[in-house]
There are 4 protein chains.
Amino acid sequence: MTTSPDEPYAEPRAVAAANRPEVTPDLEALYRGFDRELLVPLWTEIGDLMPIHPRSRAVPHLWRWHNLLRLAERAGELVPVGRGGERRAIALANPGLAGRPFATPTLWAAIQYLMPGEDAPEHRHTQHAFRFVVEGSGVWTVVGGDPVPMNRGDFLPQAGWNRHAHHNATAAPMAWIDGLDIPFQYGVESQFFEVGRDRLDPAERTKPERSRSERLWGHAGLRPLSAPAGAAPGSPLLSYKWAVTDRALDDQLALEKEGHGGTVEPGHAAVRYVDPAGGGDVLPTIRAEFHRIVRGAQTAPSRETGSSVYQVFDGSGTVTVGDRTWSVSRGDLFTVPSWTPFSARSEAGATDSDSGALDLFRFGDAPILEALRLHRSTTDEDPR
Amino acid sequence: MTTSPDEPYAEPRAVAAANRPEVTPDLEALYRGFDRELLVPLWTEIGDLMPIHPRSRAVPHLWRWHNLLRLAERAGELVPVGRGGERRAIALANPGLAGRPFATPTLWAAIQYLMPGEDAPEHRHTQHAFRFVVEGSGVWTVVGGDPVPMNRGDFLPQAGWNRHAHHNATAAPMAWIDGLDIPFQYGVESQFFEVGRDRLDPAERTKPERSRSERLWGHAGLRPLSAPAGAAPGSPLLSYKWAVTDRALDDQLALEKEGHGGTVEPGHAAVRYVDPAGGGDVLPTIRAEFHRIVRGAQTAPSRETGSSVYQVFDGSGTVTVGDRTWSVSRGDLFTVPSWTPFSARSEAGATDSDSGALDLFRFGDAPILEALRLHRSTTDEDPR
Amino acid sequence: MTTSPDEPYAEPRAVAAANRPEVTPDLEALYRGFDRELLVPLWTEIGDLMPIHPRSRAVPHLWRWHNLLRLAERAGELVPVGRGGERRAIALANPGLAGRPFATPTLWAAIQYLMPGEDAPEHRHTQHAFRFVVEGSGVWTVVGGDPVPMNRGDFLPQAGWNRHAHHNATAAPMAWIDGLDIPFQYGVESQFFEVGRDRLDPAERTKPERSRSERLWGHAGLRPLSAPAGAAPGSPLLSYKWAVTDRALDDQLALEKEGHGGTVEPGHAAVRYVDPAGGGDVLPTIRAEFHRIVRGAQTAPSRETGSSVYQVFDGSGTVTVGDRTWSVSRGDLFTVPSWTPFSARSEAGATDSDSGALDLFRFGDAPILEALRLHRSTTDEDPR
Amino acid sequence: MTTSPDEPYAEPRAVAAANRPEVTPDLEALYRGFDRELLVPLWTEIGDLMPIHPRSRAVPHLWRWHNLLRLAERAGELVPVGRGGERRAIALANPGLAGRPFATPTLWAAIQYLMPGEDAPEHRHTQHAFRFVVEGSGVWTVVGGDPVPMNRGDFLPQAGWNRHAHHNATAAPMAWIDGLDIPFQYGVESQFFEVGRDRLDPAERTKPERSRSERLWGHAGLRPLSAPAGAAPGSPLLSYKWAVTDRALDDQLALEKEGHGGTVEPGHAAVRYVDPAGGGDVLPTIRAEFHRIVRGAQTAPSRETGSSVYQVFDGSGTVTVGDRTWSVSRGDLFTVPSWTPFSARSEAGATDSDSGALDLFRFGDAPILEALRLHRSTTDEDPR
């Protein structure tokens, strides 16, 4: 979670706003001239645009899973899924971001809901995307004709411009979360969208246990010779199954117990989902990780440039984001804005008697900042 | 100007808004529930967020140099330069961007003005920046203690987190343009800022013809063994002098005349400013280029994802950006929003009898889109 | 196995040796002058040094496993393992390479043999190395203190400068093959060697099923956050277990049967061992692959610059290397020199009634040639 | 000249040869068995193959320019240039390398000589090559149809597989040195060769001051938009003119005098020739540098893995390579084998009254070792 800056970072002194020129009639006339010519002076804007450190417009906020699910269920009754609306997805709208459906300035996070037998029609878009399943099963997402099952704990990345559709093969509705870089691409204006077929072929409605992508790319340390290298951005592996993630985290904790390290810090195991073809992040704009904090452990407060969204996958505990602290349990989602300190503590919830770990799924925009050499982070007990 | 997409690009069909659910009392209640829980459904927003191709909020717009200069001169009389305001810089505010001082969604462009004998105080910031001089001379910018002269036609890049100050060593005021990624970093919230010393040392007020950076890095095809590789982002060369750029463009046109190619298209020479240490763009987030179009020539319309700002350096002609066409001459600045077709024609202006070429300085955000694999472009006679 | 050259490759016309100057007394005097001054003219050497295509000094050659094993067993009786000799390893000496222990001009291949209870002492060297196990089990290799079990089918890479030792924990001897870039580093003279401890600690003599490296890095698509990125060359995963390789190959053949491709060519599945941290080859100088050819299938003849060594892991068949053809079965090793056509056919052996596939382990020097942009290959029915 | 190894390097203890098994009749029989089966044991070879540090087969050696030139002139009289022999090139044969025309284990260095009016016929080869001119002028080398003049001090790289020919346009003979990776490619067996046209077109016999490559690529910090990126290996700039190199070195020494660093060490300026398109070495396998040591200065002894060849361009002084020390002057060539300490001292020669610097041109194989992560170096006063 911590990357050193290129040079030691000294806390900047504040830029005083004290030196602003006194407003005289002449200056007012000048400002009116600026307005007429569509100009804005730096000296009135610098505090907002060039702060001494990031001050996010987004705020820390928590969405309770039971509220999301309740509304998604109701939408399942009232809103059909089909061409035009494309998906029954309901997005988190950060209260600091003016009502836009943006969880953070760069990230989209939504609950998606599919009724029994429903199909979400095929399309593709340049927005990089993933799905993560906090509970349930029975939906197959079909990416480029390859049916990929979705089950609790699975992470399903999907880089931009791949055709995809979903269908619910069971008698029960299913919900999951979508993460995309919609706000980021809205900002840089790089979006393309193309509709696909309205219905899947029968062969695409089959329900294999493993997708073809897993059969080609899901073998640790091996790449198929038949696959071209670097043909497209993002991971060719379309499903990261829960059993693999769960075992990797347990392995780290066991190594720590045996005295061999392996964890990020005591009681805190973590993995990053990576592209097996290149070793880097699964998506060009989105980093995804899974963190396991053993009961009683607490992570050291840390912060970094860029923003993240967390979902509680299992267990319960307390999370602190900036000046907010919440008790959280399964399915709850919360945002960590840029340069806002974050820490988590694993502890039994009020109505909870299990002794398990606090499991957190996380996604963020770090690949954007790293690619452009804008990433900074610090880990300290008393974050400023 | 043209980069092939990763796969052939087919124009997407439109997403019909027709399929939106009819608004019933139940649906209204659901929407109120969304509001209460800070949620927004995709199906009402998809047309705006996921268009079939980029539809920029920014618009094509032209700022006349004489207007900018007149207001900057007046600001020189009324507004002091000093700590707090930091710079006498006046930014272009794209009329599509809600009055913010953003030339495009990612780029800041401003005229900066310094009176005789004035110093702009030292600071540093993570925003990547450059200066370009359309006319005048006599200012030295001091970067990390290295005084760099500024003269007509010079391009001066400065990657983030370098300390810099300016001082006007002459008896005349001087204006130039600043380009930065302020709007982009405002979007991803990666900004740090630190004030430096209020006054330069006498040794930094010397006025060498060449900066130390040029003496180390300004020799084509040679790198100093004393310089560490890749120590910091961006170009270590702090000044790209006009004489070099001018000669490179003339060389291309001469090669074309001799039948050996060298130009982008007939009568259109162009160079990109690059980092001599790595061969790539001068700044991690900003591409800068210089284009020369011989009298009578016209560039083929082209468009790409991401936005640009142009300044006319010399000559006159007509430029077309989307559905706007302007006659332009020295100093005029205009924006080219994402996916908006652009072409330029070199021709004698109304009050202009010279037979020279149309010289255009350009900067844009292509490195951002390329690094994240979001860059697309097409070149065609009948752009859609 | 096929990489396109940077530009279409046209078969070069031969350089005629016809034009050599006639040898006169004057010319003889000149040549004596060259000799005295330690000079050699190009015109007498060009045919050897600059051939129209690679003509390897190495030759195709086959070593029978039963011969290797018999001699290794005898060495086990006669030659102790200890400091100085370091390893009981017996290397293939290509008959074209003047008796040097070089399987090809760049690659070392040896059988290594360890008696019950023996330890091979700890050392480290810059040579990049791996072990591959064609039969047997019971040895643990200890790399940087991490005990790694070795069993049939396992591939164990070990990049240069890692400390390692071996110990045989069983009551039976064990043999395996070693592959290193010893001849290459002998050529470029980059070798360092350092002895380590003479005995392992008791804790290092434990016999876990999985090494610590596998517990950290052996989870497909996941990287541990605790591990620094790119700290050292080569793969951090020290064992690629047979079960994973076997399943990956079966998956490809099943995909092919279902009509979804996945294989290199009909009936020919293949995987490359890769570094999970970077996605590239497991070692900076050595590529390792596993090929499975179903009974009755034949690979298309292909050739490439650089050399390879194959070992038959299972099954039987016929392999053709240049103008040599051999029937091969388990354990047999053979060389494929640079630009020499290779193909393999899977078929039942004389004393063999199984219906299984021909399984081939392969290693080669392709990463060297690719890194230096010297790699070329062609695949054609009638290779020249 | 100094690159840190990936981890601190501790001098290895020696591998004792003491532990070799006593030779008994049984062991002799075993060794005969090895011979019959084309096998060689590690334990008899390890001292040679896996030394504690590189011990080069090559030796430090000096070739006097006047001897080379005298023999080249004589060859000019006796040996025609034409198809078959291809070039009148006479190569340095390191006395440690068995009479092969190899200056070091990886590098070819030769004097080439062209008589008035002569043409060296067109060909191309995968070997990466350059020319460097210690004296004289009047030859044009024609690369891909682009005539490139050669004058004293010019460095002319030429990556593999480019067609090239030479013609002497003057009434005087001309000599220069060629550097290639012939021995390296002989080792890895990657060579292709193709003859071209026997005669140049009249248009190619023109004698422009600047090649087309310089007109496109010879402008510091600028790349032509018309040139495709990374299309071929190696630098697109075909000539690095002396005036640029000379000025860059003077600039470093002036910066040092002014107290701003810039040199490698006191009195020692140095530049590396780089590819303007990528910022790296000019050729994938060859590094080229120019070093200027002011009169009276001495470089600190240093050594590195891989080998180099130096040519004295100007001035005089003393160079020490391992246990050899020579007084050198213009044109003299000498080798620095792998891991052999090197230092140079600039001083007036016996017959030399000038007060100038010692100017050394250097080329070496460092890009090979760096690409494969085998590069190490140390700089110390008492090299071991």
* Considering only residues that are of a type in the set (D, E, K, R) and part of a strand (DSSP E or B), look in segment C:295-308 and name the one that is nearest to C:L358 (Cα to Cα). => C:R303
* Structure fact -> Listed by range, helices (runs of 4 or more DSSP H) wholly within segment B:25-116 having at least 2 residues that are free of Cβ contacts under 8 Å to residues at least 40 places away in the same chain, closer than 30 Å to A:P101 by Cα and out of contact with any Phe, Trp or Tyr (no Cβ under 9 Å at 6 or more places or on another chain) are B:25-36
* Looking only at segment D:133-152, which residues are outside any strand (DSSP E or B) and under 19 Å from the mean Cα position of the chain (by Cα)? -> D:V133, D:V134, D:E135, D:R152
* To do: Could you pull out the residue among C:F34, C:F102 that is out of contact with any helix residue (DSSP H, G or I) (no Cβ under 6 Å at 6 or more places or on another chain) and either buried (at least 21 other Cβ atoms within 10 Å of the Cβ) or modelled with pLDDT of 95 or more (or both)?
  => C:F34
* Structure fact -> Scanning segment D:242-256 residue by residue, the ones that are under 20 Å from the mean Cα position of the chain (by Cα), crowded, with 20+ Cβ neighbours inside 10 Å and more than 7 Å from chain B (Cβ to nearest Cβ) total 1
* Within segment A:183-213, can you find the residues that are aliphatic (A, V, I, L, M) and either in a loop (DSSP other than H, G, I, E, B) or over 29 Å from C:L249 (Cβ atoms) (or both)? -> A:V188, A:V195, A:L200
* Return the total of residues in segment C:284-312 being under 11 Å from C:F342 (Cβ atoms), charged (D, E, K, R) and in contact with a Lys or Arg (Cβ under 7 Å, 6 or more places away or on another chain). => 1
* Identify the single condition in (1) under 25 Å from the mean Cα position of the chain (by Cα); (2) farther than 25 Å from A:T318 by Cα; (3) buried (at least 21 other Cβ atoms within 10 Å of the Cβ); (4) of a type outside the set (D, E) that A:W43 does not satisfy, given that it satisfies every other one. => (1)
* Structure fact -> Scanning segment D:313-323 residue by residue, those in contact (Cβ under 8 Å) with a residue 60 or more places away in the chain and in contact with a Lys or Arg (Cβ under 8 Å, 6 or more places away or on another chain) turn out to be D:F313
* To do: Just give me the residues in segment C:69-100 being small (G, A, S) and either within 7 Å of chain D (Cβ to nearest Cβ) or in contact with a strand residue (DSSP E or B) (Cβ under 8 Å, 6 or more places away or on another chain) (or both), in sequence order.
  => C:A72, C:A75, C:G76, C:G82, C:G84, C:G85, C:A89, C:A91, C:A93, C:G99
* Structure fact -> Of the residues in segment D:177-203, those that are more than 14 Å from chain C (Cβ to nearest Cβ) and buried (at least 18 other Cβ atoms within 10 Å of the Cβ) number 1
* When segment A:72-83 is examined, which residues are found to be crowded, with 20+ Cβ neighbours inside 10 Å and at pLDDT 95 or above? -> A:A72, A:A75
* To do: Mind counting the residues in segment A:209-222 that are within 25 Å of C:S213 (Cβ to Cβ) and surrounded by fewer than 22 Cβ atoms within 10 Å (Cβ to Cβ)?
  => 1
* To do: For residues that are surrounded by fewer than 19 Cβ atoms within 10 Å (Cβ to Cβ) and out of contact with any strand residue (DSSP E or B) (no Cβ under 6 Å at 6 or more places or on another chain), scanning just segment D:46-68, find the one that is nearest to the other protein chains (Cβ to nearest Cβ).
  => D:N67
* **Scan of segment A:210-229 for residues that are more than 9 Å from chain C (Cβ to nearest Cβ) and on the phi > 0 side of the Ramachandran plot, ordered by number** => none
* With respect to B:A254, is the statement that it is under 17 Å from D:A220 (Cβ atoms) and assigned by TED's automatic domain parsing to the domain that holds B:Q311 true? -> no
* Count of residues meeting criterion [over 23 Å from A:A93 (Cα atoms) and either in contact with a Phe, Trp or Tyr (Cβ under 6 Å, 6 or more places away or on another chain) or surrounded by fewer than 22 Cβ atoms within 10 Å (Cβ to Cβ) (or both)] in segment A:291-312 -> 8
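Report yes if C:V274 is buried (at least 22 other Cβ atoms within 10 Å of the Cβ), within 20 Å of the chain's Cα centre (by Cα) and farther than 29 Å from C:R55 by Cα, otherwise no. Full working, then the answer.
Numbers: buried (at least 22 other Cβ atoms within 10 Å of the Cβ): yes; within 20 Å of the chain's Cα centre (by Cα): yes; farther than 29 Å from C:R55 by Cα: yes.
Yes.
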* Output yes when any residue across segment B:256-271 is in contact with a Phe, Trp or Tyr (Cβ under 9 Å, 6 or more places away or on another chain) and touching a residue at least 40 places away in the same chain (Cβ under 8 Å), and no when none is. => yes
* Give me the pairs, please: first residue somewhere in segment B:182-198 and assigned by TED's automatic domain parsing to the domain that holds B:H167, second residue anywhere and acidic (D, E) and crowded, with 24+ Cβ neighbours inside 10 Å, beta-carbon distance under 9 Å, and either six or more positions apart or on two chains. => B:F184/B:D365; B:V188/A:D365
* To do: Count, please, the residues in segment B:144-195 that happen to be within 20 Å of B:F290 (Cβ to Cβ), touching a helix residue (DSSP H, G or I) at 6+ places or on another chain (Cβ under 7 Å) and among the small types (G, A, S).
  => 2
* Is it the case that D:E86 is over 22 Å from D:T318 (Cβ atoms) and surrounded by fewer than 20 Cβ atoms within 10 Å (Cβ to Cβ)? -> no
* Asked: Can you name the condition, by its number, that C:R362 falls short on among (1) at pLDDT below 95; (2) touching a strand residue (DSSP E or B) at 6+ places or on another chain (Cβ under 9 Å)?
  -> (1)
* Asked: So which residues in segment B:304-321 are over 12 Å from the mean Cα position of the chain (by Cα) and more than 18 Å from B:D154 (Cβ to Cβ), if there are any at all?
  -> B:E304, B:T305, B:G315, B:S316, B:G317, B:T318, B:V319, B:T320, B:V321
* Structure fact -> Picked from segment B:153-176 (must be assigned to a loop (DSSP other than H, G, I, E, B) and touching an Asp or Glu at 6+ places or on another chain (Cβ under 8 Å)), the residue nearest to the other protein chains (Cβ to nearest Cβ) is B:W161
* Residue among C:S327, C:S308, C:S346 that is free of Cβ contacts under 8 Å to residues at least 24 places away in the same chain and of a type in the set (G, A, S) -> C:S327
* Identify, please: which residue in segment B:260-274 is facing chain D (nearest Cβ under 7 Å) and not small (G, A, S) and is, among those, nearest to D:E204 (Cα to Cα)? -> B:H260
* Structure fact -> Restricted to segment D:288-320 and to residues being closer than 23 Å to D:T104 by Cα and of a type in the set (V, I, T), the residue farthest from the other protein chains (Cβ to nearest Cβ) is D:T318
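The values are calculated or read from the model by the stated rules, or taken from the named source; none is laboratory data. Remember, it's a predicted structure, so these values are computed and weren't measured experimentally. Here the Cβ is made from the backbone with ideal geometry for all residues, glycine too, and neighbour counts use every protein chain on show.
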